[in-house]
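S.K.: Sharing a structure, written as structure tokens. Questions coming.
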Amino acid sequence: CLDGSPPAYHFDKGFGAGINNWLVHIEGGGWCNNVTNCLDRKKTRLGSSKPMAEQLAFSGILSNLQKFNPDFYNWNRIKVRYCDGASFTGNVEAVNPATKLYFRGARVFLAVIEDLLAKGMKNAENAVLSGCSAGGLTSILHCDRFRALLPMETKVKCFSDAGYFINV
């Protein structure tokens, strides 16, 4: 995360026919676009895993209730907490000693996916990478990388919910 804390996610284990299917949803939260914004952000749950809630109620596409989520209710459902401020794109080795900002979102994304692979996603029949807002942009930017980390026989889909930003 921006403050150097480890990444975090919430995981609700699949069951029944969904046990080998995975939905990885990336939280939204905008970008910090300068050092001042990022310094402010690193003190919040959008820049640090330290203040994040330990438990989170899943709803919508992450719900485990068939009547609310008939397509994915019994899948392994993960909400990845967004804490890097740049859709998990940064990969800067050096940390500025004055700001102590960690721009290592690409490494955070990889660490989360590798952890999920170790928890059983390596056996996925189906895997979906999704996200909203900045998380939606993450799903666009990392779709090919997500595909490459999974076995070739896994069916992989990616979709973005409001994650396309036009710079006008």
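S.K.: Which lysines does residue 100 reach when only Cα atoms under 30 Å apart count, and residues fewer than 8 places away in its own chain are ignored?
M.R.: Leaving aside lysines fewer than 8 places away in the same chain, those within reach of residue 100 are 42, 43, 50, 79.
S.K.: Let me ask something else. Name the residue farthest towards the positive end of the dipole of the chain from the options 123, 4, 89, assuming +1 on Cβ of Lys and Arg, -1 on Cβ of Asp and Glu, about the Cα centre.
M.R.: 4
S.K.: Quick check: net charge around residue 21, other residues with Cβ under 15 Å of its Cβ, Lys/Arg +1 and Asp/Glu -1?
M.R.: Numbers: positive: 13, 77, 119, 122, 155, 157; negative: 12, 71, 125, 153.
Overall, the nearby charge balance is +2.
S.K.: If each of residue 57 and residue 39 carries a label point 7 Å out from its Cα toward its Cβ, how far apart are those two points in nm?
M.R.: My value for the distance between the label points is 3.8 nm.
S.K.: Let me ask something else. With Rg/Rh (Cα atoms, Kirkwood Rh) as the read-out, I listed (1) 1.56; (2) 1.19; (3) 0.98; which label goes with the value calculated from this structure?
M.R.: The value matching this structure is (3).
S.K.: If you don't mind, there's one more thing I want to ask. For the chain, which whole-number percentage of the solvent-accessible area (1.4 Å probe, protein heavy atoms only) is attributable to carbon and sulfur atoms? Present the calculation step by step, with values, prior to reporting the outcome.
M.R.: On the way: 4870 of 8790 Å².
Carbon and sulfur together cover 55 percent of it.
S.K.: In a shell of Cβ-Cβ distance under 15 Å around residue 94, excluding residue 94 itself, what net charge do Lys and Arg (+1) and Asp and Glu (-1) give?
M.R.: Surrounding charge for residue 94 is +2.
S.K.: At 1.4 Å probe size, with every protein chain present, just tell me what the per residue accessible area of the chain comes to in Å².
M.R.: Values: 8790 Å² over 168 residues.
Value returned for the chain: 52 Å² of accessible area per residue.
S.K.: Quick check on segment 18-108: what does the Kirkwood estimate of hydrodynamic radius come out to from the alpha carbon pairs, in Å? All intermediate terms of the calculation are to be shown ahead of the outcome.
M.R.: Numbers: mean 1/r = 0.0676 Å⁻¹.
It is 14.8 Å.
S.K.: What are the ³J(HN,Hα) couplings of segment 52-63, residue after residue, when phi is run through the Karplus curve with 6.51, -1.76, 1.60 and θ = phi - 60°? Round to Hz, x for glycine and proline.
M.R.: 6, 5, 6, 10, 9, 6, 8, 9, x, 5, 9, 5
S.K.: Amide H neighbours of residue 90 under 5 Å, at least 5 residues apart or on other chains, H built in the peptide plane: list them.
M.R.: 105, 106
S.K.: Explain nothing, just the number: dipole magnitude of the chain about its Cα centre with +1 on each Lys and Arg Cβ and -1 on each Asp and Glu Cβ, in debye rounded to the nearest 20. If you can, show how the numbers build up before the last one.
M.R.: Working: 19 positive and 14 negative charges, 43 e Å.
That gives a dipole near 200 debye.
The values are calculated or read from the model by the stated rules, or taken from the named source; none is laboratory data. The shown structure was predicted, so the numbers you read here are calculated from the model rather than taken from an experiment. In this analysis, Cβ positions are derived from the backbone assuming ideal geometry, glycine residues included, and neighbour counts consider all displayed protein chains. Just so you know, the surface numbers come from the protein's heavy atoms only, side chains and all, with ligands and any DNA or RNA stripped out. Shrake-Rupley method; radii C 1.70, N 1.55, O 1.52, S 1.80 Å.
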